[in-house]
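> Please find one structure pasted underneath; my questions will follow.
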Amino acid sequence: MQRTVLHLNIADFATAVERLCDSSLRHRPVIIGLPVARSLVYDMSDEAYREGVRKGMPLWRARRLCPGAVILPPRPERYGKAMLHLLKLARPLTPLVEQAPGDGHLYLDLSGTRRLHGPARDVALRLRRQVRGELGLEPIWTLAPNKLVAKVASRLVKPEGEFLVESGREQQLLAPLSLELLPGLGRRLRERLREYNLVRAGQVAALSPAELAVICPGRERFLFQAVRGIDHTPVQPRTRSRGVVRTSHLFTPDSNREDEVRCGLALLVEEVGYRLRQQGLGCCRMSLVLTYSDGISTRRQASFRTILSDNRSLFLQAELLLHRAWRRRLRIRSLALVCDRLRTPVHQLSLFGLVNQRQQRNHALSTALDTIHKRFGRAKLVRGSLLAK
């Protein structure tokens, strides 16, 4: 059966939601970012993008490039509600709906749904009308045989439009395009290809896997398929077991003092632990992303057999990741903590009573702190580890 993947993309999603709430922002350059030192651009409008503003850019630099822009603080809870509504409109069309990284991106696998909902093009048009009518947002939609080609097609018509790619014409579409438009090709890989004067997909497609292995060892298979529009990645709906809890901390100013960094890490653990316990969940994997002042990031990850939910256990694991990631003398700009592989904690009896009692005490203490914080606020009772010297 021929695959049909619909990519729905609302360009500059956060900005589009802000403009929906405040119509005076339309047709004006908008930059979303916290108005604090060392803040980074969270999102921007197309007008600001044309002035050179990019996501992840320091906010001070974005202000210089686009001095007339309106600066707004990010409101993730508002964007999350809009995404939930968007998912609600998409899910009746197919059980295979995937929320791509970043707000405003959805993949829908419409393969085999023609008898239920009609041709895929009609489904896409109906969904766009629903999004316009119920959310007031203007989505881009593209149809292609796989996710990679659908993603590239949406980049060709951004910020508004539609694109249909017929099966068998994937390589013809990609051949004249710059490698920067292909997802999955990082900056270092593109620079490596540029050393050989390879800047377009068609130029790379002319090489054999053996020739690509000489240029980019280990990535030859991916490159050989990507430049030809071959992608077998399935559309994967998000389930409860694949949920993620993440939070981040920005140091103002940047710091390399151990007590301040540990304090920032403890704040992240408190926030993550609180969210997990409110959902009745624990995590089996943790990731820490450390970003230095020069913009270079280091990521470390650890998996564990037990399900962690209390603050002490989470902090011990996060502290180990910090020691593994912190290998440079530069100041640290931010920390980000991610917990996934979420599971419901199972309290199993142990042959070692002291160990079991210690875990129960840690969990009871964390739960008691949650109750106090929820009733009186977080400032009323603070752990000593959250106070930098």
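The values are calculated or read from the model by the stated rules, or taken from the named source; none is laboratory data. All of these numbers come straight from a predicted model, not from anything done at the bench. Cβ atoms come from the backbone with ideal geometry, glycine included; neighbour counts cover every protein chain shown. The accessibility values were calculated without ligands, DNA or RNA, using every heavy atom of the protein model including side chains. Shrake-Rupley method; radii C 1.70, N 1.55, O 1.52, S 1.80 Å.
> Take Ser111 and decide whether it is modelled with pLDDT of 90 or more and either open to solvent by 40 Å² or more (accessible area, probe 1.4 Å) or in a helix (DSSP H, G or I) (or both).
Working: modelled with pLDDT of 90 or more: yes; either open to solvent by 40 Å² or more (accessible area, probe 1.4 Å) or in a helix (DSSP H, G or I) (or both): no.
For Ser111, the condition - modelled with pLDDT of 90 or more and either open to solvent by 40 Å² or more (accessible area, probe 1.4 Å) or in a helix (DSSP H, G or I) (or both) - is not met.
> Return the residue satisfying two criteria in turn: it lies in the range 150-169 and is charged (D, E, K, R) and open to solvent by 40 Å² or more (accessible area, probe 1.4 Å), and of such residues it is nearest to Leu182 (Cα to Cα). Walk me through how you get there before you give the answer.
In the first step, residues of the range 150-169 are kept if they are charged (D, E, K, R); the result is 151, 155, 158, 160, 162, 166, 169.
Next cut, open to solvent by 40 Å² or more (accessible area, probe 1.4 Å) only: 155, 158, 160, 162, 166, 169.
Working: Arg155: 9, Lys158: 14, Glu160: 19, Glu162: 18, Glu166: 18, Arg169: 16 Å.
That would be Arg155.
> Against the definition (open to solvent by 70 Å² or more (accessible area, probe 1.4 Å) and either hydrophobic (A, V, I, L, M, F, W, C) or at pLDDT 90 or above (or both)), how does Glu51 come out, yes or no?
Numbers: open to solvent by 70 Å² or more (accessible area, probe 1.4 Å): yes; either hydrophobic (A, V, I, L, M, F, W, C) or at pLDDT 90 or above (or both): yes.
Taking the combined requirement at face value, the residue satisfies it.
> Only helices (runs of 4 or more DSSP H) wholly contained in the range 115-178 count here; list those with 2 or more residues that are of a type in the set (Asp, Glu) and free of Cβ contacts under 8 Å to residues at least 60 places away in the same chain. I'd like the intermediate steps shown before the answer.
Working: elements: 120-135, 147-157, 170-174.
Per the criteria, 120-135.
> Also: Any chance the range 251-261 includes a residue that's modelled with pLDDT under 90, touching a helix residue (DSSP H, G or I) at 6+ places or on another chain (Cβ under 8 Å), within 30 Å of Asn311 (Cβ to Cβ) and not β-branched (Val, Ile, Thr)?
yes
> Take Met57 and tell me if it is crowded, with 17+ Cβ neighbours inside 10 Å and farther than 19 Å from Val17 by Cβ. Let's see the steps before the verdict.
Working: crowded, with 17+ Cβ neighbours inside 10 Å: yes; farther than 19 Å from Val17 by Cβ: yes.
Yes, satisfied.
> Continuing with this model, one more query. Quick one: is Lys147 over 17 Å from Val17 (Cβ atoms) and either modelled with pLDDT of 95 or more or open to solvent by 20 Å² or more (accessible area, probe 1.4 Å) (or both)? Steps first, answer last, please.
Values: over 17 Å from Val17 (Cβ atoms): yes; either modelled with pLDDT of 95 or more or open to solvent by 20 Å² or more (accessible area, probe 1.4 Å) (or both): yes.
For Lys147, the condition - over 17 Å from Val17 (Cβ atoms) and either modelled with pLDDT of 95 or more or open to solvent by 20 Å² or more (accessible area, probe 1.4 Å) (or both) - is met.
> If you check Gly273, Gly218, Gly243, Gly229, which single one turns out to be under 30 Å from Tyr107 (Cα atoms), open to solvent by less than 40 Å² (accessible area, probe 1.4 Å) and over 19 Å from the mean Cα position of the chain (by Cα)?
Values: Gly273 fails: under 30 Å from Tyr107 (Cα atoms); Gly218 fails: open to solvent by less than 40 Å² (accessible area, probe 1.4 Å); Gly243 fails: over 19 Å from the mean Cα position of the chain (by Cα).
After applying the criteria, what remains is Gly229.
> I'd like the full set of residues that are at pLDDT 90 or above and closer than 21 Å to Lys147 by Cβ, limited to the range 57-86.
If the condition is that a residue be at pLDDT 90 or above and closer than 21 Å to Lys147 by Cβ, then Leu86 is the only one that fits.
> Further question: Does the range 321-328 contain at least one residue that is in a loop (DSSP other than H, G, I, E, B), under 30 Å from Pro253 (Cα atoms), open to solvent by 80 Å² or more (accessible area, probe 1.4 Å) and at pLDDT 85 or above?
Pass one, the range 321-328, residues in a loop (DSSP other than H, G, I, E, B): 326-328.
Checking the rest, the ones that are also under 30 Å from Pro253 (Cα atoms) come to 326-328.
Going one step further and asking which of them are open to solvent by 80 Å² or more (accessible area, probe 1.4 Å), we end up with 327-328.
Filter again for at pLDDT 85 or above, leaving 327-328.
Yes: the range 321-328 contains one or more residues that are in a loop (DSSP other than H, G, I, E, B), under 30 Å from Pro253 (Cα atoms), open to solvent by 80 Å² or more (accessible area, probe 1.4 Å) and at pLDDT 85 or above.
> When the range 295-315 is examined, which residues are found to be open to solvent by less than 80 Å² (accessible area, probe 1.4 Å) and not in a strand (DSSP E or B)?
The answer is Gly295, Ser309, Asp310, Asn311, Ser313, Leu314, Phe315.
> If you don't mind, there's one more thing I want to ask. Given the criteria more than 21 Å from Leu6 (Cβ to Cβ), open to solvent by less than 70 Å² (accessible area, probe 1.4 Å) and of a type outside the set (Ser, Thr, Tyr), does Leu125 qualify? Explain how you work it out, then say what you get.
Details: more than 21 Å from Leu6 (Cβ to Cβ): no; open to solvent by less than 70 Å² (accessible area, probe 1.4 Å): yes; of a type outside the set (Ser, Thr, Tyr): yes.
Taking the combined requirement at face value, the residue does not satisfy it.
> Looking at the range 230-250, is at least one residue at pLDDT 90 or above and in a helix (DSSP H, G or I)?
No, the range 230-250 contains no residue that is at pLDDT 90 or above and in a helix (DSSP H, G or I).
> Continuing with this model, one more query. Out of all the residues in the range 292-302, is one or more among the β-branched types (Val, Ile, Thr), at pLDDT below 85 and closer than 30 Å to Met57 by Cβ? Steps first, please.
Taking the range 292-302 as the starting set, the residues that turn out to be among the β-branched types (Val, Ile, Thr) are 296, 298.
After this cut, where a residue has to be at pLDDT below 85 as well, the list is 296.
Subset that is closer than 30 Å to Met57 by Cβ: 296.
Scanning the range 292-302 turns up at least one residue that is among the β-branched types (Val, Ile, Thr), at pLDDT below 85 and closer than 30 Å to Met57 by Cβ.
> Another question, if that's okay. Is it the case that Leu89 is at pLDDT 90 or above, within 24 Å of the chain's Cα centre (by Cα) and more than 30 Å from Thr252 (Cβ to Cβ)?
Numbers: at pLDDT 90 or above: yes; within 24 Å of the chain's Cα centre (by Cα): yes; more than 30 Å from Thr252 (Cβ to Cβ): yes.
Spelling it out, Leu89 is indeed at pLDDT 90 or above, within 24 Å of the chain's Cα centre (by Cα) and more than 30 Å from Thr252 (Cβ to Cβ).
> Output the number of the condition that Ser350 fails; it satisfies all remaining conditions of (1) open to solvent by less than 70 Å² (accessible area, probe 1.4 Å); (2) modelled with pLDDT of 80 or more; (3) among the hydroxyl-bearing types (Ser, Thr, Tyr).
In the conditions (1) open to solvent by less than 70 Å² (accessible area, probe 1.4 Å); (2) modelled with pLDDT of 80 or more; (3) among the hydroxyl-bearing types (Ser, Thr, Tyr), Ser350 misses (2) alone.
> May I ask you to list the residues in the range 20-38 that are surrounded by fewer than 20 Cβ atoms within 10 Å (Cβ to Cβ) and either in contact (Cβ under 8 Å) with a residue 24 or more places away in the chain or within 11 Å of Ala62 (Cα to Cα) (or both)?
Hits for the range 20-38 are Leu20, Cys21, Leu25, Arg28, Leu34, Pro35, Val36, Ala37, Arg38.
> Then there's this: Can you say whether Leu173 is over 16 Å from Leu8 (Cα atoms) and not small (Gly, Ala, Ser), as far as the supplied structure shows?
On the way: over 16 Å from Leu8 (Cα atoms): yes; not small (Gly, Ala, Ser): yes.
The answer is yes for Leu173.
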